[in-house]
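Remarks on the structure that follows.
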Amino acid sequence: MNDKNLDNEELLEMEPSIIDGLLRAYEDNKEETKEIVISRKGKTLFTFNVQPVSEEKYDEIQDKATKFKNNKAGIKVPIETNHPKMRAMLIYEATTKEDRARLWDNKKYWDATGSLTGMHLIEKVLRAGEKSAVVQVIDDISGYMLEAEDMLKNSSVQEEE
């Protein structure tokens with residue numbers, strides 16, 4: 001179906017379903033969470049939940065973890081990104097408020113591990129591969145892992161239903 005071929009009446013008939021779809025997408029962004037289970041040697045150590053991160057927040061985190069320098073033309077260009085710091089910041093931001101308070105912002109855990117912040121605690125507690133795996137989950141629920149081909153498949157399946 002091509003929008004150019006629709007007349008005003010057809011558009012008005014479709015409007016409620018479009019609005020409903022937009023609202024469901026908005027609610028889904030707010031409600032979707034995934035449980036992360038940190039296990040070692042077959043034993044679960046702890047769990048926490050993550051939620052999608054907005055594109056704006058993702059960019060802000062990347063900027064905070066990146067060193068910039070002005071080039072000869074005076075334009076700010078990135079020179080180095082601290083990926084471990086970026087992963088910790090992303091995990092901290094994506095962790096649900098309840099779990100962030102329970103784990104990363106818990107001063108008892110800071111004292112026990114010699115951490116100064118929640119992100120510092122993440123850097124100390126999670127192994128590199130664990131942080132990478134958690135970031136993959138965050139990317140997935142934030143929509144960064146979707147391939148254009150997958151999105152087209154999903155849309156064609158919905159049209160058939």
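The values are calculated or read from the model by the stated rules, or taken from the named source; none is laboratory data. Small disclaimer: the values here were computed from a predicted structure and weren't measured. Here the Cβ is made from the backbone with ideal geometry for all residues, glycine too, and neighbour counts use every protein chain on show. Just so you know, the surface numbers come from the protein's heavy atoms only, side chains and all, with ligands and any DNA or RNA stripped out. Shrake-Rupley method; radii C 1.70, N 1.55, O 1.52, S 1.80 Å.
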- What are the residues in the stretch 32-48 that are under 16 Å from I122 (Cβ atoms) and either at pLDDT below 95 or surrounded by 15 or more Cβ atoms within 10 Å (Cβ to Cβ) (or both), if any? I36, I38, F48
- Filter the stretch 85-127 down to residues that are open to solvent by 50 Å² or more (accessible area, probe 1.4 Å), out of contact with any Ser or Thr (no Cβ under 9 Å at 6 or more places or on another chain) and hydroxyl-bearing (S, T, Y), then give me how many there are. 2
- Is one or more of the residues making up the stretch 138-147 closer than 22 Å to K34 by Cα, open to solvent by 80 Å² or more (accessible area, probe 1.4 Å), aromatic (F, W, Y) and out of contact with any Pro (no Cβ under 6 Å at 6 or more places or on another chain)? yes
- Query: Across the stretch 73-94, what is the number of residues that are farther than 18 Å from A128 by Cβ and within 15 Å of the chain's Cα centre (by Cα)?
  - Reply: 1
- Message: Filter the stretch 49-84 down to the residues that are open to solvent by less than 70 Å² (accessible area, probe 1.4 Å), part of a strand (DSSP E or B) and more than 22 Å from D99 (Cα to Cα) and list them by number.
- Response: T66, V77, T81
- Sole miss for L103 among (1) more than 19 Å from A133 (Cβ to Cβ); (2) among the aliphatic types (A, V, I, L, M); (3) modelled with pLDDT of 95 or more is condition (1)
- Query: Out of all the residues in the stretch 70-110, which are among the aliphatic types (A, V, I, L, M), farther than 13 Å from I122 by Cα and in contact with a strand residue (DSSP E or B) (Cβ under 8 Å, 6 or more places away or on another chain)?
  - Reply: V77, I79
